[in-house]
Amino acid sequence: MSDEPIIDLHSDHYFMGEALRLAVRAYEAEEIPVGAVVVRGGRIIARAFNQVELLKDATAHAEMLAITQAEEAVGDWRLNDCTLYVTKEPCPMCAGAIVHVRFSRVVFGVSDAKGGAAGGALNLLQFPGLNHQCDITRSVREEECRSLLIGFFSERRAANKAAKAGPDSDSGQAAQAGAGGED
């Protein structure tokens, strides 16, 4: 029998799993399913999920909320010895905050070609003119992260289509029946 642990609690796979659990909580709260954790010294010091609708705050992205928690946990705004794990590539707003707090590394699940700021649409995390650049690890548990987002937006489109069709329409009833998703 090996002395190696069955689960490597310091692995990217493990920490992204924690971020995925938070993304599911966002999904259940009807928020865009993005979750984030901040890790320092092999321990999670902050956990958050998107809460834009809940808090009625456009800045309440998972990354921003996790950054605030991590700063409080560390007692400083500098998080240069921390790693951020997030299920979706950070947007420009979050990327700006990530650079400012000086994360050493950012790990994300699924890329965002239209709005990602860690190499998808642009790369603010490694922009040469800024005072800090982060190491980036992409595509960790990518399929799980992607399927959560696809499922969420598919359900939202079906619900919106049903609402536009109205309750007396046959197509509205069909859309409503299909919007439930699978458990």
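The values are calculated or read from the model by the stated rules, or taken from the named source; none is laboratory data. This one's a predicted model, so the numbers in the text were calculated from it and none came from an experiment. Note that each Cβ is placed from the backbone with ideal geometry, even for glycine, and that neighbours are counted across all protein chains shown. Note: areas computed on protein heavy atoms with side chains; ligands, DNA, RNA excluded. Shrake-Rupley method; radii C 1.70, N 1.55, O 1.52, S 1.80 Å.
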Next item on the list: Give the accessible area for ASP81 in Å² (nearest 10); use a 1.4 Å probe, count only protein heavy atoms, and leave out ligands, DNA and RNA.
Entry: 80 Å²
Next item on the list: Relative to the longest principal axis of the C-alpha atoms of the chain, give the angle of the C-alpha long axis of helix 12-28, reported between 0 and 90° and rounded to the nearest 10°.
Entry: 30 degrees
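For the chain, just run the numbers: alpha carbon Rg, then divide by 2.2 N^0.38 Å, N being how many residues it has. Each step should come with its number before you reach the end.
Values: Rg = 18.2 Å, N = 183, 2.2 N^0.38 = 15.9 Å.
After normalising by residue count via 2.2 N^0.38 Å, the value is 1.15.
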Check: Between the helical axis of 92-101 and the dominant principal axis of the chain, each derived from Cα atoms, what acute angle in degrees is found, rounded to the nearest 10?
Finding: 20 degrees
Check: For region 86-127, what is one quarter of the convex hull surface built on the Cα atoms, given in nm²?
Finding: 2.5 nm²
Check: Of the heavy-atom accessible surface of region 116-169 (probe 1.4 angstrom), what whole percent is carbon and sulfur?
Finding: 52 percent
Check: What is the dipole size for region 62-154, taken about its Cα centre, with +1 at each Lys and Arg Cβ and -1 at each Asp and Glu Cβ, in debye to the nearest 20?
Finding: 220 debye
Margin query: Loop only by DSSP, 11 or fewer other Cβ within 10 Å of the Cβ. Give me the trypsin sites (Lys or Arg not before Pro) in region 28-78 that pass, ordered by residue number.
Written below: LYS56
Notebook entry, point to check: Sorted by accessible area with a 1.4 angstrom probe, largest first, how do GLU72, GLU18, GLU142 fall?
Noted result: GLU72, GLU142, GLU18
Checklist line | Reach of LYS88 by Cα under 18 Å, taken over lysines that are not fewer than 8 positions away in the same chain | finding: LYS114
Next item on the list: Would you mind working out the magnitude of the charge dipole of region 1-111 relative to its Cα centre, with +1 at each Lys and Arg C-beta and -1 at each Asp and Glu C-beta, to the nearest 20 Debye?
Entry: 200 debye
Next item on the list: Compute the accessible area per residue over region 1-122, keeping the other protein chains in place, probe 1.4 Å, unit Å².
Entry: 50 Å²
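At a 1.4 Å probe radius, carbon and sulfur cover how many percent of the accessible area of region 11-98? Before the final figure, lay out the partial values.
Details: 1960 of 3890 Å².
Exposed carbon and sulfur together represent 50 percent of the surface.
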